[in-house]
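For reference, the structure is listed below as structure tokens.
The values are calculated or read from the model by the stated rules, or taken from the named source; none is laboratory data. Note that the structure is a prediction, hence the values are computed from the model and not measured. Positions of Cβ are generated from backbone atoms using ideal geometry, with glycine treated the same way; all protein chains shown enter the neighbour counts. Surface accessibility is based on the protein's heavy atoms, side chains included, excluding ligands, DNA and RNA. Shrake-Rupley method; radii C 1.70, N 1.55, O 1.52, S 1.80 Å.
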Amino acid sequence: MRAYVALTKPRIVELLLITTIPTLFLAADGWPGLWLTVATVVGGYAAAGSANTWNMILDRDIDRLMNRTKQRPLVTGVLSVRQATVFAIVLGVLAFLWFGLLVNWASAWLALGAIAIYVVGYTMLLKRRTSQNIVWGGAAGCMPVLIGWSAVTGTVQWPAVVLFGIIFFWTPPHYWPLSMRFRKDYARAEVPMLPVVASSSQVSVQILAYGAAMVACSLLLVPVAGMTWVYAVVAGLAGAWFLYGCVRLLVRARNPERGKLAAMKVFHASITYLTVVFVAVAVDPFLPL
């Protein structure tokens, strides 16, 4: 059972749920109801679990070459490829039908699109071919906000697009510091993550640029979704704090004598930033302002 759960990459799914539930609250302008919340979370976990399982199936050859992934179930042999394939198919079909029959068909098709983007777009086409793999393939991780919004409204509106943009620009500053930390792993597996093919200084510049775009997008939500000053202050302060960490990374990349890059600090800070901003999104509809 633990091996099957591991196939779904639960730590990644946690991040997806952090963004989905606040989106439900914002779309509903308050509490969307217990059933809709639970149904969207369950369907979202199944969809993400299917995509992540396919990813492990397709990447099992390089997973065994990387220290970070060599304990995954298909590498250790705890589960067979056939077992994982059946599991991925069942989860994907379950997610599609669950959303379609219990939420709405707009959310069902968006969930299916998210699986396709991650499996086909990222894992099969982009990951081993371009250093921009995580930029465009990361769009799959943005889909939960569109799914959450459509679960409430039956459609996708501009606030959902802005939320999509926040996560889209957040993905590189989140993943590239991790790739910097495990550069040797990716190089050994011949995966051209940006830190493998570019200098730390070049990567840090791009991390800062995407981070700035992310913060700008988070503030754009204020006029587009009619957020209160509370959200604006939280998003602004959180953004400034995160960008400060990105600047420190760039300074150390350009001046190695200042010490180690400490890229993982930016990685962990990105998780904190996303959590804080989306908690603010969740709370904002309930404020009497």
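For region 226-244, give me each residue that is assigned to a helix (DSSP H, G or I), of a type outside the set (Gly, Ala, Ser) and either closer than 12 Å to Leu287 by Cβ or more than 22 Å from the chain's Cα centre (by Cα) (or both).
Across region 226-244, the qualifying residues are Trp229, Val230, Tyr231, Val233, Val234.
Residue by residue, here is whether (1) under 23 Å from Met66 (Cα atoms); (2) open to solvent by less than 20 Å² (accessible area, probe 1.4 Å); (3) in contact with a Gly (Cβ under 6 Å, 6 or more places away or on another chain) holds:
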position	(1), (2), (3)
Pro192	yes, no, no
Val203	yes, yes, no
Ile207	no, yes, no
Ala212	no, no, no
Trp229	no, no, no
Val234	no, no, no
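Scanning region 251-265 for residues that are at pLDDT 85 or above, part of a helix (DSSP H, G or I) and surrounded by fewer than 19 Cβ atoms within 10 Å (Cβ to Cβ) turns up Val251, Arg254, Pro256, Met264, Lys265.
On the given criteria, is Gly137 open to solvent by less than 10 Å² (accessible area, probe 1.4 Å), without any contact (Cβ under 8 Å) to a residue 60 or more places away in the chain and either over 19 Å from Ser218 (Cα atoms) or out of contact with any Pro (no Cβ under 8 Å at 6 or more places or on another chain) (or both)? Even if it seems obvious, please write down each step before you answer.
Values: open to solvent by less than 10 Å² (accessible area, probe 1.4 Å): yes; without any contact (Cβ under 8 Å) to a residue 60 or more places away in the chain: yes; either over 19 Å from Ser218 (Cα atoms) or out of contact with any Pro (no Cβ under 8 Å at 6 or more places or on another chain) (or both): yes.
Yes: the conditions hold for Gly137.
With the structure loaded, tell me whether Thr123 is within 20 Å of the chain's Cα centre (by Cα) and either open to solvent by 40 Å² or more (accessible area, probe 1.4 Å) or at negative phi (or both) or whether it fails that test. Yes, satisfied.
One residue stands out in region 70-92 among those that are closer than 23 Å to Leu125 by Cα and surrounded by fewer than 18 Cβ atoms within 10 Å (Cβ to Cβ): the one that is modelled with the lowest pLDDT, namely Lys70. Would a scan of region 47-60 turn up a residue that is assigned to a helix (DSSP H, G or I), under 23 Å from the mean Cα position of the chain (by Cα) and among the hydroxyl-bearing types (Ser, Thr, Tyr)? Yes, some residue in region 47-60 is assigned to a helix (DSSP H, G or I), under 23 Å from the mean Cα position of the chain (by Cα) and among the hydroxyl-bearing types (Ser, Thr, Tyr).
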